[in-house]
Every structure is written in structure tokens, then in C-alpha cells.
Amino acid sequence: MNQYGAQARRHWQSHLPNRYRQIENPDQFFTEMGEQIGQQIEELTRTLAGQDPEQETYMDKVGRLNMAQLTAAGQVLREMLPAPETDLSPTR
């Protein structure tokens, strides 16, 4: 399981406990989800990074690629991880 699968699993355990308990094979589910998230992040990172500008320094390129990866990861994770469950039970 990659880092995204592990992160998704923690998210589900913490924020979607009822749905998490219904998963028949959590290892397989989150391994596959992590691979899918990773692929989407890679694709979006390439798109966001774009072409290397002329005269770009090494450090500028590192910064541009890192920012593209962080932006892509944030966007894909927001799209792929469900919103937390809400507790509809009355409080006393």
C-alpha cells in the first residue's frame, strides 16, 4: 500500500468509521485506492508543471515541480476522499 492508500485508510477510519467497517477487504480496497490516487496525482502534476521555460534555473524548476505536485495531491485527495460522516444522533 502506498502513502496515499495509507492516508485514505486513516481518513476513513477516523472520519467514516461506519463505512470503513463495511469494507470486506480493507487492505485490497486501500491498496487499489492508493494506486488510483497516485496515478491521478502524477497526471495532474505533469499538467500543472507544464513545459520547462527557457532560462529556468535548476532551483526554479525544483520549486515549480514541487508546487505542482503539492497542488495536485491536495486537489486529488479532496476529490477522492469522502466528506466525514455526520453524527445525526441527538445530543443531551
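Please treat every number below as a calculation from the coordinates, not as lab data. Please read these numbers as outputs of a predicted model, since none were measured by experiment. Because the Cβ atoms are built from the backbone with ideal geometry, glycine has one as well, and the counts that use them run over all protein chains shown.
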Worksheet item: So what is the 222 nm mean residue ellipticity for the chain from helices alone, if each DSSP H run of at least 4 adds -39500 (n - 2.57) and you divide by all residues, rounding to the nearest 500 deg cm²/dmol?
Response: -23500 deg cm²/dmol
Worksheet item: How large is the charge dipole for the chain, taken about the Cα centre, if only the Cβ atoms of Lys, Arg (+1) and Asp, Glu (-1) carry charge, to the nearest 20 debye?
Response: 480
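For R9, R78, what's the fewest-to-most ordering of other Cβ within 10 Å of each Cβ?
Ascending Cβ contact count within 10 Å gives the list R78, R9.
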Discussion item. Going by average Cβ density within 10 Å per residue, which order do the peptides 29-39, 57-67, 12-22 take, highest to lowest?
Written reply: 29-39, 12-22, 57-67
Response to the item:
For the chain, one quarter of the surface area of the C-alpha convex hull, expressed in nm², comes to 7.9
Item to complete: Work from the charge dipole of the chain (Cβ charges, +1 for Lys and Arg, -1 for Asp and Glu, about the Cα centre) and give the residue of T71, S14, I41 farthest towards its positive end.
Response: S14
Worksheet item: Normalised by the residues of segment 16-75, what does the relative contact order come to in percent, with Cα pairs under 8 Å and at least six apart?
Response: 36
Practice prompt. Return, ordered by residue number, the residues of segment 1-19 whose backbone nitrogen is under 20 Å from a label point located 7 Å along Cα→Cβ of R46.
Written response: 4
Worksheet item: If you place +1 on the Cβ of every Lys and Arg and -1 on the Cβ of every Asp and Glu, how big does the dipole about the Cα centre of segment 39-79 come out, in debye to the nearest 20?
Response: 140
